[in-house]
Amino acid sequence: MTMLSNKLGQKRTKFGYWIDSQSDINQSKLINASGMSKGTIYRLCHDSKFKPKHSTVICINKGLKKLKKYVKVEDFI
């Protein structure tokens with residue numbers, strides 16, 4: 001993952017930057033929809049070296065689908 005910065009100057013991955021660009025979802029909504037921990041979603045949005053397990057990717061994709069976002073996290077990793 002490459003690192004980008006958001007409006008606050010925080011380092012973000014492509015996935016984190018994509019979440020920031022969405023007006024109807026944020027990290028906390030994704031945490032609730034996917035059932036993943038806050039730390040996992042945080043690392044996915046901030047740490048370019050983080051490589052989630054396949055089972056984690058499946059849960060996040062299901063959460064994105066629940067939020068009516070038809071993208072796959074694999075597109076950002």
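Taken together, the values in this text are just the output of simple stated rules run on the coordinates, not laboratory data. Just so you know, these numbers come straight off a predicted model, no measurement behind them. Please note: Cβ atoms are built from the backbone with ideal geometry, for glycine as well, and neighbour counts cover all protein chains shown.
Beyond a 22 Å Cα-Cα separation, which of these cross-linked pairs lie in this structure: Lys11/Lys66; Lys14/Lys72; Lys11/Lys68?
Lys11/Lys66; Lys11/Lys68
Loop-only trypsin sites (Lys or Arg not before Pro) in segment 34-67, please: DSSP not H, G, I, E or B, and at most 16 other Cβ atoms within 10 Å.
Sites meeting the loop and neighbour criteria: Lys49, Lys53.
For a Förster distance of 30 Å, can you work out the FRET efficiency between the beta-carbons of Phe50 and Ser23, rounded to the nearest 0.05? Walk me through the intermediate numbers first.
Working: r = 25 Å, r/R0 = 0.84.
Calculated value: 0.75.
With a point put 7 Å past each Cα toward its Cβ, work out how far Val71 is from Lys38 in nm, to one decimal.
Result: 2.4 nm between the two label points.
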